[in-house]
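Taking it in order: structure first as structure tokens, then the write-up.
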Amino acid sequence: MKEWEDKIRKVVPYVPGEQPNKKHMIKLNTNENPYPPAPKVKTVIKEMDDTKFRLYPDPTANALVKAIAEQYQLEENQVFVGVGSDDVLAMAFLTFFNSDKPILFPDITYSFYDVWADMLRIPYQTQPLDENFQICFMDYEKENGGVIFPNPNAPTGILVNLDFIEEILKQNQDVIVIVDEAYIDFGGISALPLLKKYENLLIVQTFSKSRSLAGIRIGYAMGNPALIQAMQDVKYSFNSYTMNLPSIQIGVAAVQDTSYFEKTREKIIATREWTKVKLKELGFSFADSMTNFIFVTHKSYAAKDIFEYLKTRDIYVRYFSSNPRIQNYLRISIGTDQEMDCLIAVLKEYLK
Ligand code: PMP
């Protein structure tokens with residue numbers, strides 16, 4: 001090995017779901033929204049003039065911060081925006097997890113958490129979900145350098161209630177507790193009301209799922225002004241212009257169209273409930289998902305075989321091979337009614 005090779009930072013990167021690009025595929029593998037973004041998004045794009053490309057964007061992304069603050073009845077200094085919630089979460093890891101004590105998160109959860117911890121050299125300890133994939137709050141009572149978990153959890157889809165979150169907050173008042181609410185809009189109740197009571201709580205949400213803007217990359221954190229200021233200081237020490245100008249304007253248009261947002265998320269919830277019934281009829285079992293995906297297993301057929309078969313029919317779902325506890329599970333995103341109908345028909349053929 002050459003000496004310089006020794007000095008290179010070595011990391012094992014996060015592996016996102018495949019992004020195949022076939023004309024007639026049914027893509028249910030990365031939890032995107034099957035519906036277009038709010039109609040005004042297209043108008044904003046059509047009407048975008050040259051200055052949006054020629055000039056640097058507002059580094060504070062104030063128009064978007066303001067729109068989000070208004071939507072959630074917060075002050076502007078309680079909102080931080082970034083390039084997808086991945087960017088916001090990475091920034092939060094960098095800003096808040098600086099202890100020698102390990103940060104805590106579930107053993108089955110969003111698989112980016114351990115990647116950020118490794119990359120930023122943050123010690124961590126995963127806490128096993130119980131046999132029903134539930135988070136055990138006693139596991140979060142030990143000394144730690146911070147806590148993070150998604151609610152609902154991914155890829156299990158399981159939601160915890162606000163009492164549960166408050167219990168974790170009560171036990172962890174000396175560290176930052178991050179609740180990743182990427183999927184909260186599909187039937188969960190946000191921890192937002194707890195912000196008034198717990199100044200160490202940071203809530204992270206995204207425009208990628210319930211607002212149909214995964215390609216535009218907008219995420220945001222909500223928390224007390226001291227936390228938001230600390231994240232901003234870190235961001236400005238790293239890259240002032242993370243949010244591009246078109247994204248800021250698109251984000252404003254999306255967040256302001258509440259009725260479209262309500263309509264599409266209700267459609268997805270209805271399709272999810274229909275899909276649950278059909279999957280059960282086919283012998284699948286799963287926890288009661290409150291997200292835009294269902295995490296399923298089948299007692300007679302291997303998840304990997306189903307995954308491979310679906311691919312031959314141009315239906316893409318997500319299979320996680322790396323964690324032995326979930327090697328016999330598939331995560332199926334909720335598409336349109338027609339797409340889910342087609343999935344069920346193909347599964348029916350396969351399971352015959
Ligand atoms: N958190 C969770 C739990 C997720 O599943 C995802 C989606 N991969 C994200 C955060 C990041 O989403 P985005 O960066 O698109 O906002």
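Quick notes
- Pairs with Cβ under 8 Å, 6+ apart, first in segment 285-304 and on the phi < 0 side of the Ramachandran plot and touching a residue at least 60 places away in the same chain (Cβ under 8 Å), second of a type in the set (K, R) and part of a loop (DSSP other than H, G, I, E, B): N292/K209
- Counting only strands (runs of 3 or more DSSP E) that sit wholly inside segment 80-195, those with at least 1 residues that are in contact with a Gly (Cβ under 9 Å, 6 or more places away or on another chain) are 103-106, 124-127, 177-180.
- Residues (of a type outside the set (A, V, I, L, M), free of Cβ contacts under 8 Å to residues at least 12 places away in the same chain and either within 16 Å of the ligand (Cβ to nearest atom) or outside any loop (DSSP other than H, G, I, E, B) (or both)) located in segment 67-79: E70
- Considering residues of segment 89-109 that are buried (at least 22 other Cβ atoms within 10 Å of the Cβ) and out of contact with any helix residue (DSSP H, G or I) (no Cβ under 8 Å at 6 or more places or on another chain) only, the residue nearest to S321 (Cα to Cα): T109
- Residue match in segment 249-263 (condition: in contact (Cβ under 8 Å) with a residue 60 or more places away in the chain and outside any helix (DSSP H, G or I)): yes
- Boolean, D114 is within 15 Å of the ligand (Cβ to nearest atom), acidic (D, E) and touching a strand residue (DSSP E or B) at 6+ places or on another chain (Cβ under 9 Å): yes
- Failed item, numbered, when T30 is tested on (1) touching a residue at least 12 places away in the same chain (Cβ under 8 Å); (2) within 25 Å of L245 (Cβ to Cβ); (3) not in a strand (DSSP E or B): (2)
- Whichever residue in segment 178-202 is among the β-branched types (V, I, T) and either more than 25 Å from V255 (Cβ to Cβ) or within 12 Å of the ligand (Cβ to nearest atom) (or both) and, among such residues, is farthest from the chain's Cα centre (by Cα): I178
- Pair list, Cβ < 8 Å and 6+ apart or interchain, from segment 214-240 residues that are within 16 Å of G251 (Cα to Cα) and within 15 Å of the ligand (Cβ to nearest atom) to residues that are part of a loop (DSSP other than H, G, I, E, B) and of a type in the set (S, T, N, Q): A214/T30; A214/N33; A214/S208; R217/S208; I218/S208; G219/S208
No value in this document is a laboratory result; all are computed from the given coordinates. Remember, it's a predicted structure, so these values are computed and weren't measured experimentally. Reconstructed Cβ throughout: ideal geometry from the backbone, glycine too, with neighbour counts over all protein chains shown.
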